[in-house]
Amino acid sequence: MEKENIAPHVKDITRALGNKVSEANIERELNSYLTVYRVPLGTAKRSIVKKHGGNPSLLSLGAQKTIVDLTPNEFSVDLLARVVSVNEREIEVEGVSKTILYGIFGDSTGTVPFTAWEADAMDVEKGDVVKIQNAYTKEFRGEVQLNLGNRTSVEKESPDALPPYVPPERPATSVELGDLRGGMSNVSVVGRIISIESREVNVEGQKKTVFSGLIGDSTGKAQFSAWADFELREGDVAKIDGGYSKTWRGMPQLGFDQRANVEILKDTDFPSAEDIMSPVRRWIEEIAERGGAVDATVRGILIDVKEGSGLIFRCPECNRVLRKGTCRIHGEVDGTPDLRVKAVIDDGSAALTAILGKDITEGLLGKSLKDCMDTAKEAMSHEVIRDELADLLVAQPVELRGNVTSDDYGLMMISESAEVLEIDVQEEAQKLLSDLEE
Amino acid sequence: MRREVAWRVFAKEYSDSDFQFSEGGERSPSYVVTPLGAKINRLFVVGVITDIDNVGSDDQPMWRARLSDPTGVYVLSAGLYQPEAARTLSGIEPPTFAAVMGKTRVYSPEEGTLYLSIRPEIVSVANDAVRNYWTLECCRSLRTRLDAVAEAFKMDPLTKEGLVALGHSERIADGIVRAVDHYGTVDLDRYRLMLVDALKYLLPESRPAPPEEKDEEEESELDEYVLELIGKLDTDGKGADWETLLEASKKDGVQKDDLEQTVNSLLDNGRAYEPVIGKLKRI
């Protein structure tokens with residue numbers, strides 16, 4: 001950083017420290033942080049103030065940044081930006097209603113969503129160029145967000161301080177549905193509408209019709225939500241330009257609205273709905289990388305029948321599984337019996353937890369819930385059903401199908417079907433052997 | 001925190017390893033890296049438990065078991081902190097097929113010496129079919145890594161990104177880069193041979209033939225047929241010629257092996273004898 005650029009920051013630090021330390025010292029220190037240790041300016045300033053026993057929140061001059069450089073959890077961010085959009089919202093803070101502003105700032109490098117917590121201190125309109133000082137950033141849904149708090153100052157600048165904002169004309173990125181991940185924007189997909197239905201939703205007090213369903217191509221399937229009526233019908237092959245994706249219930253989901261361009265293709269070669277819905281086996285590792293999957297088929301070894309499998313009892317109020325006859329919320333209750341398997345499936349590439357419901361469990365056991373109740377009564381233990389399941393399933397190759405969601409604890413599949421596989425090991429071994437000898 | 005994958009790796013490859021690492025940090029897992037780049041924290045193995053001993057005391061048992069697969073032997077040890085596995089092991093009588101999920105366990109009495117075993121989390125009794133399927137999975141895993149390591153040896157410089165660009169997963173690529181860094185160029189042919197042997201192990205024609213059990217009725221029919229043929233061909237009273245017998249029976253669709261076997265049994269039973277070598281006579 002040039003010497004003349006560093007001077008205001010040296011002054012800022014010295015002031016924050018109540019002029020207890022000489023500017024010359026601060027300058028030397030700041031220089032060392034920036035040039036020797038190469039610490040970002042904001043961090044360097046906070047660190048110096050702290051080191052001298054000061055309060056970093058007294059710093060008022062942040063490092064002026066461009067939007068593309070913003071990272072989460074930055075303090076004292078300064079920006080020169082244009083207001084791309086601004087809206088009001090009522091929120092309730094400790095029972096008191098309060099108005100905040102939210103919208104988007106842009107500069108030549110990009111855009112960033114913002115929230116201004118003190119609406120009164122900010123009188124700006126769409127198109128204004130503003131100089132923002134001492135804002136801070138957070139991460140929200142995987143994106144950087146700018147926050148303007150009570151120490152942030154916002155000044156209007158001349159409108160020609162920045163070139164007018166022109167939304168970037170970028171070609172949409174072509175994505176196959178199997179590669180869709182949460183948090184993508186401006187994507188282009190081609191898929192067949194497997195199912196679609198409309199429903200009314202309430203968005204910020206306004207009634208809206210959303211069209212949602214399942215879309216698929218040869219690589220995968222995804223839930224979609226269309227926020228405008230593109231007259232899509234079941235069976236259509238649609239090219240959607242300008243969609244976006246987000247993670248919903250642990251799976252990537254496609255969204256698009258009136259800004260998107262939707263075209264119905266007369267593509268006779270496109271895989272039929274039947275082909276798209278026929279099971280395609282995926283490696284669990286692949287599903288993990290994609291952050292979940294809609295209607296995936298996996299094949300692996302069932303390596304564990306976890307605690308909470310077998311004959312269980314649910315709270316009649318909230319359906320939670322009881323522990324020792326007690327619901328976490330409703331206390332001691334008369335539980336409703338149910339059957340399930342909580343299994344760990346490992347295919348050698350990764351593992352997932354699969355939940356198999358009552359019908360599948362009954363099928364695997366070859367006996368009904370009532371039979372299981374009788375067995376348990378006779379054995380005077382509910383655990384006997386879990387043991388039976390473990391004897392039957394542990395170490396067996398299985399094939400499961402269902403939606404896979406992803407969170408911090410890993411992958412979870414709610415299985416729609418499950419079967420123990422009978423594999424012709426000799427045939428497979430022969431194939432592998434001839435393959436090797438080629 | 002992601003669950004660690006359970007590797008399917010043959011005992012031989014596992015026991016060839018002498019490299020362990022941890023990414024640092026108090027709770028980060030440690031891994032054993034095999035010469036072919038399997039980066040193992042957890043394993044799933046199926047084989048035959050051949051012996052089990054309590055190497056602890058009666059009060060605090062520590063079960064040590066040996067589990068053999070087509071390539072070698074895994075050592076399992078389960079004690080106080082693996083109650084479920086210990087309980088199952090204590091009830092097993094060798095030989096028994098068993099499926100084991102567990103974590104790598106490394107004992108290093110001195111620098112450079114590693115004793116590898118498995119600390120089982122789950123032990124369950126299995127069967128032949130489960131063992132065979134596991135063996136197949138091990139072969140597949142081995143095959144993938146053999147190919148990847150062969151490619152890695154050709155790369156200069158070898159990087160994880162380079163391997164990923166060739167289509168290998170992050171997980172495989174990371175393990176291989178670490179393995180090559182530690183072990184250098186290993187002899188892949190040795191492992192290729194192991195792979196072929198393991199595959200042949202799964203194929204019936206390559207297995208040592210079990211003693212053939214023939215239908216008893218069929219056997220006696222063949223006995224009678226050969227005996228009659230010997231009588232018919234013994235035209236000069238000096239016995240039937242072996243070569244003529246062979247030819248005649250061949251015409252009737254009898255295999256040479258079967259003929260030899262039948263003749264031997266006739267000789268053993270004392271229903272025929274060899275007056276001179278190459279001649280056969282009914283008794």
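The values are calculated or read from the model by the stated rules, or taken from the named source; none is laboratory data. Worth saying up front: this structure is predicted, and the values here are computed from it rather than measured. Ideal geometry is used to build each Cβ from the backbone, glycine not excepted, and the neighbour counts take in all protein chains shown. With ligands, DNA and RNA removed, areas are computed over all heavy atoms of the protein, side chains included. Shrake-Rupley method; radii C 1.70, N 1.55, O 1.52, S 1.80 Å.
Points to keep in mind about this one:
- Counted residues, the stretch B:107-141 - those being within 22 Å of residue B:17 (Cα to Cα) and among the small types (Gly, Ala, Ser): 4
- Sole exception among (1) open to solvent by less than 20 Å² (accessible area, probe 1.4 Å); (2) within 27 Å of residue A:182 (Cα to Cα); (3) not small (Gly, Ala, Ser) for residue A:389, by number: (2)
- For the residues A:5, A:73, A:19, A:87, the requirement of being closer than 30 Å to residue A:157 by Cα and loosely packed, with under 11 Cβ neighbours inside 10 Å singles out A:73.
- Odd one out for residue B:144 among (1) assigned to a helix (DSSP H, G or I); (2) open to solvent by 50 Å² or more (accessible area, probe 1.4 Å); (3) in contact with a helix residue (DSSP H, G or I) (Cβ under 6 Å, 6 or more places away or on another chain); (4) within 30 Å of residue A:396 (Cβ to Cβ): (3)
- Residue check: residue A:277 meets all listed conditions (1) at pLDDT 90 or above; (2) over 20 Å from the mean Cα position of the chain (by Cα) but one, namely (1).
- Test: residue in the stretch A:393-401 that is surrounded by fewer than 20 Cβ atoms within 10 Å (Cβ to Cβ), within 30 Å of residue B:204 (Cβ to Cβ), of a type in the set (D, E, K, R) and within 12 Å of another protein chain (Cβ to nearest Cβ): no
- Flag if residue B:79 is away from chain A (no Cβ under 13 Å), touching a Gly at 6+ places or on another chain (Cβ under 8 Å) and over 20 Å from residue B:127 (Cβ atoms): yes
- Residues (farther than 26 Å from residue B:88 by Cβ and within 14 Å of chain A (Cβ to nearest Cβ)) located in the stretch B:1-33: B:1, B:2
- Whichever residue in the stretch B:160-189 is out of contact with any helix residue (DSSP H, G or I) (no Cβ under 7 Å at 6 or more places or on another chain) and surrounded by 13 or more Cβ atoms within 10 Å (Cβ to Cβ) and, among such residues, is nearest to the other protein chains (Cβ to nearest Cβ): B:175
- The condition of being open to solvent by less than 50 Å² (accessible area, probe 1.4 Å), more than 11 Å from chain B (Cβ to nearest Cβ), in a strand (DSSP E or B) and hydroxyl-bearing (Ser, Thr, Tyr) does not hold for residue A:406.
- Members of the stretch B:14-35 found to be open to solvent by less than 30 Å² (accessible area, probe 1.4 Å) and part of a loop (DSSP other than H, G, I, E, B), listed by number: B:17, B:34, B:35
- Among the residues of the stretch B:264-280, those identified as under 15 Å from residue B:222 (Cβ atoms) and either in a helix (DSSP H, G or I) or open to solvent by 50 Å² or more (accessible area, probe 1.4 Å) (or both) are B:264, B:265, B:266, B:267, B:268, B:269, B:271.
- Within the stretch B:127-144, the residues that satisfy the criterion of being within 9 Å of chain A (Cβ to nearest Cβ) and among the aliphatic types (A, V, I, L, M) are B:129, B:130, B:136.
- Scan the stretch B:36-62 for residues that are assigned to a strand (DSSP E or B) and either open to solvent by 50 Å² or more (accessible area, probe 1.4 Å) or among the acidic types (Asp, Glu) (or both) and the total you get is 4.
- Search result, residues across the stretch A:118-168 that are more than 30 Å from residue A:408 (Cα to Cα), exposed (fewer than 15 other Cβ atoms within 10 Å of the Cβ) and under 29 Å from the mean Cα position of the chain (by Cα): A:149, A:166, A:167, A:168
- Scanning the stretch A:409-436 for residues that are open to solvent by less than 50 Å² (accessible area, probe 1.4 Å), in a strand (DSSP E or B) and within 14 Å of chain B (Cβ to nearest Cβ) yields a total of 3.
- The selection criterion, being under 18 Å from residue B:13 (Cα atoms), surrounded by 13 or more Cβ atoms within 10 Å (Cβ to Cβ) and more than 22 Å from the chain's Cα centre (by Cα), holds for residue B:105.
- Under the condition of being touching a residue at least 24 places away in the same chain (Cβ under 8 Å) and either over 30 Å from residue A:411 (Cα atoms) or surrounded by 17 or more Cβ atoms within 10 Å (Cβ to Cβ) (or both), the residues counted in the stretch A:207-224 number 9.
- Taking strands (runs of 3 or more DSSP E) as the structural unit, those lying wholly within the stretch A:299-388 and holding at least 3 residues that are touching a strand residue (DSSP E or B) at 6+ places or on another chain (Cβ under 9 Å) and within 14 Å of chain B (Cβ to nearest Cβ) correspond to A:336-346, A:351-356.
- Some residue of the stretch A:264-280 being surrounded by 12 or more Cβ atoms within 10 Å (Cβ to Cβ), assigned to a strand (DSSP E or B) and either acidic (Asp, Glu) or within 14 Å of chain B (Cβ to nearest Cβ) (or both): no
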